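Chemist: Here it is, the structure, as structure tokens.
The values are calculated or read from the model by the stated rules, or taken from the named source; none is laboratory data. Worth saying up front: this structure is predicted, and the values here are computed from it rather than measured. Cβ placement follows ideal geometry from the backbone for every residue including glycine, while neighbour counts extend to all protein chains displayed. Keep in mind that these areas ignore ligands, DNA and RNA; they rest on the heavy atoms of the full protein, side chains included. Shrake-Rupley method; radii C 1.70, N 1.55, O 1.52, S 1.80 Å.
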Amino acid sequence: MAPTLRDILDAAARGDFPPADGGTTVVPQACRRDAGVLSFTAHSVVFTDEDPHWVRETLRALDCDALAATMNPRFLAAFMDRTGRTAETIDAVLVGSPLPGEPPLALTEIEDAGHPRIGCARGRRDEVRAWTADGGVLVTGRGIAGRLEVSVEVDEDVRQRGLGRRLVNAARHLVAEPLWAQVSPGNARSMRAFQAAGYRPVGAEALLIAR
């Protein structure tokens, strides 16, 4: 039985990656909302309900390194045109294991379902929860293939004081399963914060968003 997208993600969270064979695996979307590309070491996963034959033919037609083809702008543009979707950026993907005990940071859960951070997250995730700390907000929710994802926002006037790192570390104490993060590679502060909090880079991701 072929692995599902969730199977592939769960294995990557354990450190068990697809074979570094230069290949591309095409799997169905886990839900209508999410389509896109995951890039691991020398192997890519395209998750889409489009014809896999179209994916492979489009990749073969590109004049570029085959290892980079799924993240090539021409393929992503063709993918968006084919599906009528849009995209924002290619993110680095990191994952952190759950940690025991209470969070080492005072957090207050936001109960207001109309809070702007919760409303924004619900556009891309299910089962959204959010907490405030002094100077920041922590949000979790189920995103691609039901994986549990985290994001944080730190107030401008308290940045560069380690709050982002403490927030994403605290998030690991709130969960009982791997916690995923999508970070723009250019956002060096955020990348350093997640890595300092024990999150491990596992690959890159281009998420195609339904209009």
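Chemist: I want to check the label-to-label distance for Arg33 and Met1. Put each point 7 Å from Cα in the C-beta direction and report it in nm to one decimal.
Modeler: About 2.5 nm separates the two model spin labels.
Chemist: With bins 10 Å wide starting at 0, give me the P(r) of region 1-72 over every alpha carbon pair, in whole percents.
Modeler: Percent of pairs per bin, in order: 20, 54, 25, 2.
Chemist: Let me ask something else. Relative contact order (percent) for region 98-186, with alpha-carbon contacts under 8 angstrom and 6 or more residues of separation?
Modeler: Values: 138 pairs, mean separation 28.8, N = 89.
In percent, rounded to a whole number, it is 32.
Chemist: Relative contact order for the chain using alpha-carbon pairs under 8 Å, separation at least 6, rounded to a whole percent? Each step should come with its number before you reach the end.
Modeler: Working: 376 pairs, mean separation 56.3, N = 211.
Worked out over the chain, it gives 27 percent.
Chemist: Counting only protein heavy atoms and a 1.4 Å probe, tell me what percentage of the chain's accessible area is made up of carbon and sulfur.
Modeler: Here it works out to 49 percent.
Chemist: Between Glu102 and Asp49, what is the label-to-label distance in nm when each label sits 7 Å out along the Cα-to-Cβ direction?
Modeler: 4.5
Chemist: Please report the net charge: other residues with Cβ closer than 13 Å to the Cβ of Glu127, K and R +1, D and E -1.
Modeler: Around Glu127, the charge tally is +3.
Chemist: Can you give the direction-averaged projected area of the convex hull of the alpha-carbon atoms in region 125-199, in nm²?
Modeler: Working: hull surface 19.5 nm².
So the Cα hull casts an average projection of 4.9 nm².
Chemist: Under a crude label model (7 Å from the Cα following the beta-carbon direction), how far is Ala20 from Asp112 in nanometres?
Modeler: In this crude label model, Ala20 to Asp112 measures out at 4.9 nm.
Chemist: How much accessible area per residue does region 128-211 have, counting only protein heavy atoms and a probe of 1.4 Å, in square angstrom?
Modeler: Numbers: 3640 Å² over 84 residues.
Using a 1.4 Å probe on heavy atoms only, each residue of region 128-211 averages 43 Å².
Chemist: Could you rank the peptides 165-171, 125-131 by their average count of other C-beta atoms within 10 Å per residue, with the highest value first?
Modeler: Working: 165-171: 23.6, 125-131: 18.4.
Sorting 165-171, 125-131 by mean packing, highest first, produces 165-171, 125-131.
Chemist: Round to the nearest 0.05 the FRET efficiency obtained for Arg122 and Asp63 when R0 = 35 Å and r is the Cβ-Cβ distance.
Modeler: Working: r = 41 Å, r/R0 = 1.16.
Computed FRET efficiency for Arg122 and Asp63: 0.30.
Chemist: I've got another one for you. Go ahead and run the numbers for FRET between Arg189 and Arg56, Cβ-Cβ distance against an R0 of 25 Å, rounding to 0.05. Write down the numbers at each step before the final one.
Modeler: Working: r = 38 Å, r/R0 = 1.53.
Approximately 0.05, to the nearest 0.05.
Chemist: Just the C-alpha atoms of the chain: what Rg/Rh do they give, with Rh taken as the Kirkwood radius?
Modeler: Details: Rg = 17.7 Å, Rh = 18.0 Å.
On the Cα set of the chain, Rg over Rh gives 0.98.
Chemist: For region 26-111, what is Rg from Cα atoms divided by 2.2 N^0.38 Å, rounded to two decimals?
Modeler: Values: Rg = 17.5 Å, N = 86, 2.2 N^0.38 = 12.0 Å.
Dividing the Cα radius of gyration by 2.2 N^0.38 Å gives 1.46.
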